[in-house]
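Undergrad: Here it is, the structure in full.
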Amino acid sequence: MRIEIVGKNIEITDLMREKLEKKLSNLDKYLLIDPATTARVVARVYPNSQKVEVTIPTKVGILRAEVVNDDFYAAVDLAIDKLEDQIRRQKTRLSRRHREHLAKAFIEEEQAEETKEAEIPVRTKTVTADEMELEDAIMKMELSGHNFFIYTDEESGDIAVVYRRSSGGYGLIEVDQK
């Protein structure tokens, strides 16, 4: 894995670079990361703290951690811990038992909640709805840290949205294209 380190308001020293490379190379034991994959690390300095952002695109999805701490090295350690937790969660989600449980939960859930009409500033974003299974969409949503994920269902070929419910569990919105 290649590592790209960027410093904002800070000069990245050799010791900082060495620490980051050592910690990130330990993640190879968890994932099959393509040698061409580039991990991007952004270090920022604020008046009373330092921020470390790590983003690693993988075949499964995007691993991302963002930590603010007084000490740069402590922030790096916490970011690596977050990435390891994300990897462990994804491995757990891939178990067959968990997949069957999620599929049953979607069948049983109802999707009726009213939305209030209010004037809200709208930010427009364009996404590509990649074709995948429901379980893969849930995994990518969890990896991205968002509350929803838009994808194209492999079985039906229709666009669908999977989302995290505030009461726990997941919900699925299927688009009826008439």
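Undergrad: Hey, can you tell me all the residues within region 132-173 that are surrounded by fewer than 14 Cβ atoms within 10 Å (Cβ to Cβ) and touching a strand residue (DSSP E or B) at 6+ places or on another chain (Cβ under 7 Å)?
TA: Restricting attention to region 132-173, the residues satisfying the condition of being surrounded by fewer than 14 Cβ atoms within 10 Å (Cβ to Cβ) are 145-147, 154-158, 165-169, 173.
Across region 132-173, the qualifying residues are GLY145, ASN147, GLU154, ASP158, ARG165, ILE173.
Undergrad: Which of the residues spanning region 22-33 are modelled with pLDDT of 85 or more and surrounded by 15 or more Cβ atoms within 10 Å (Cβ to Cβ)?
TA: Of everything in region 22-33, those that are modelled with pLDDT of 85 or more and surrounded by 15 or more Cβ atoms within 10 Å (Cβ to Cβ) turn out to be LYS23, LEU24.
The values are calculated or read from the model by the stated rules, or taken from the named source; none is laboratory data. Keep in mind that this is a model prediction, so the values were computed, not measured. Every residue, glycine among them, receives a Cβ derived from its backbone with ideal geometry; neighbour counts consider all protein chains shown.
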